[in-house]
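The values are calculated or read from the model by the stated rules, or taken from the named source; none is laboratory data. None of these values were measured; they are calculated from a predicted model. No Cβ is skipped: glycine too gets one built from the backbone with ideal geometry, and neighbour counts run over all protein chains shown. Just the protein is used for accessible areas: all its heavy atoms, side chains included, with ligands, DNA and RNA removed. Shrake-Rupley method; radii C 1.70, N 1.55, O 1.52, S 1.80 Å.
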Amino acid sequence: MSNIFLFIVFTSFIFALLLTRESLDLSKKIPQNSLGLNEEKPTHLHFYFHDIVSGRNPTIVQVASADITNTSSTYFGAIMVIDDPLTEGPELSSKQVGRAQGIYVSASLSELAISSTHSVTFQ
């Protein structure tokens, strides 16, 4: 009997919430022309990532692995973090224009598949 009573109370409570729920308008449309966006202006970004994997100051480092990572042909389970310089040219000595920071994950047992996420900041 008490289970039926709890079910009825709970169901009534849910229906009451649904019936009395007010819609909140938490967004606002802003016309493009009020932001000075009347015309599209394409931008072309061209820069080079530099993953430095060895030496005194590597920019990519393994931070975690699975038990099978070292025996896997795909390095499955390896997690690497990066803090790479971004430069104008392909040479590391060219002008630095920013940094790329993020994570690489070896994500497949059967083929080379890297999942990655990056944030890019420009100076």
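Restricting region 86-115 to residues that are within 19 Å of SER73 (Cα to Cα) and free of Cβ contacts under 8 Å to residues at least 24 places away in the same chain leaves a set whose member that is surrounded by the most Cβ atoms within 10 Å (Cβ to Cβ) is ILE114.
Among the residues of region 26-76, those that are open to solvent by 70 Å² or more (accessible area, probe 1.4 Å), hydroxyl-bearing (Ser, Thr, Tyr) and closer than 30 Å to LYS95 by Cβ comprise THR43, TYR48, SER54.
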